[in-house]
Amino acid sequence: MSYPALAEHQLRVSYLARILGREVGFSGKELEALVIAGALHDLALFTSVDKKLALEEDPQTLERHARWGYALLRGFPYLRRSAEFILHHHAPWQILKEKDDQMWALGSNILRLADTLEIRSRELRPLLFYRSRLLEDLNSLKGSEFAPEVIEALHRAGEKELFWLRLENFSKEREVIFQTETATHLPCDQIEFLTRLFALIIDLKSPFTRIHSAGVAAVTDWLAEVLGFRDFMRVFLRVAAYLHDLGKLAVPEAILNKPGHLTEEEWAVMKAHPFYTFRILEEIPNLEMVNYIASAHHERLDGRGYPAKLSAPDLSLGARVLAVADVTTALLEDRPYRKGFLPEKARGILGELSGSALDPEIVSLVVGNMEYVVNLIRYVEEKRLEQLSTLGYWESKSGRGI
């Protein structure tokens, strides 16, 4: 099930947070953190169930996803301030105003107002006709739900017809969401941290893939070490492994979690996910090598893979390593249509794929060290479950539990 009402919601909130933040006096890094918080504030609505409950304004879901979003982002130095804004973006001003850090309180409240305004204005057209009613309704909450200076900032911004016209005719291609006063360049270690975060979000879309990307990254890195890759290339490979299933964010959960075989139509949707991985990553500068490796993880040496039908001469050693790591991890983990295979069974399947689909030298490394690979994936699973437990999240028999 999809939720069109949530389409571009986070980007619109980010746009509104930027406008309101500037009106209140935010600038530099504080404004940048606020804008990013707007773009990521619903990060922890992992599944369609989460999204449905959030749309219904279920109090437990609203509180929980704010707490989870904070927990996911706080360990990343670049996003720590954004995480703080997200933590309290459903808290009323009556509570926030008691905080010692007033910029934190105001940023959280700006995010709350941007979120509220986006939701309330979504079905109202034309917005210029309804703007007075919106402003009056929100003004009545001044002092209790929203800080007076935040409401006053909205009134100043709302005096301009352009504010409402841009919101009504929002175009993510034209609105430069991260229009901030500073530019940030991330070192490799922080980029890798960020990709691990993306991998967690991808994996949690389905209860059957809770460690998949992390497992693939661990096996990929081990293979790269054994094969003598230099350190910088191992970083590229780990990042590619964490991001290889990024395109699955575009695949409906009904297909990802289907317990039986996919229909031809459903399989057509599933086979598009490496292409969507490519499309997403091609927008990011300096990740061309990562993108090539990540989006080729379903290509085969014999040219019968997808989506580009690449063959052996087109596939770098890095792409071959990731392909073997992906298949190996998938064979050993539970899927909606089967339990994970025992090591001997996995060895046999890898042997059948060796030479036709997968690089035989790399397959031989896995097959000859299967016990080590199994233990490596188990270790990754234990670490992932520890991470989820810190969020108050774990997997239940039905798929999710709190």
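The values are calculated or read from the model by the stated rules, or taken from the named source; none is laboratory data. Model, not experiment: these values are computed from the prediction. Heads up, the Cβs are rebuilt from the backbone with ideal geometry, glycines too, and the neighbour counts pull from every protein chain shown.
Quick notes
- Sub-7 Å Cβ pairs linking a first residue in region 59-77 that is outside any helix (DSSP H, G or I) to a second residue that is modelled with pLDDT of 90 or more and surrounded by fewer than 16 Cβ atoms within 10 Å (Cβ to Cβ), at least 6 apart or interchain, are Arg74/Arg80, ordered by first then second residue.
- Of everything in region 168-190 that is more than 15 Å from Leu72 (Cα to Cα) and part of a helix (DSSP H, G or I), the residue that is modelled with the highest pLDDT is Glu168.
- Selection within region 354-364 - in a helix (DSSP H, G or I) and buried (at least 18 other Cβ atoms within 10 Å of the Cβ): Ile362, Val363
- Residues that are closer than 24 Å to Asp50 by Cβ and out of contact with any Gly (no Cβ under 6 Å at 6 or more places or on another chain) are absent from region 221-237 altogether.
- When Phe232 is tested against (1) at pLDDT 95 or above; (2) touching a Cys at 6+ places or on another chain (Cβ under 9 Å); (3) not charged (D, E, K, R), only condition (1) is not met.
This table checks each residue for (1) more than 15 Å from the chain's Cα centre (by Cα); (2) of a type outside the set (A, V, I, L, M); (3) farther than 20 Å from Leu40 by Cβ; (4) crowded, with 17+ Cβ neighbours inside 10 Å.
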residue	(1), (2), (3), (4)
Arg210	no, yes, yes, yes
Ala218	yes, no, yes, yes
Tyr242	no, yes, no, yes
Glu264	yes, yes, yes, no
Asn286	yes, yes, yes, no
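- Hey, Ala114 surrounded by fewer than 21 Cβ atoms within 10 Å (Cβ to Cβ), at pLDDT 95 or above and either of a type outside the set (S, T, N, Q) or assigned by TED's automatic domain parsing to the domain that holds Leu55 (or both) or not: no
- Scanning region 230-251 for residues that are in contact (Cβ under 8 Å) with a residue 60 or more places away in the chain and either hydrophobic (A, V, I, L, M, F, W, C) or out of contact with any Ser or Thr (no Cβ under 8 Å at 6 or more places or on another chain) (or both) yields Met233, Phe236, Leu237, Ala240, Ala241.
- Members of region 101-125 that are in contact with a helix residue (DSSP H, G or I) (Cβ under 7 Å, 6 or more places away or on another chain) and under 12 Å from Gly38 (Cβ atoms): Gly107, Ser108, Ile110, Leu111, Leu113, Ala114, Asp115, Leu117, Glu118
- Qualifying position, being touching a residue at least 40 places away in the same chain (Cβ under 8 Å), assigned by TED's automatic domain parsing to the domain that holds Ser206 and out of contact with any helix residue (DSSP H, G or I) (no Cβ under 7 Å at 6 or more places or on another chain), among Ala254, Ala312: Ala254
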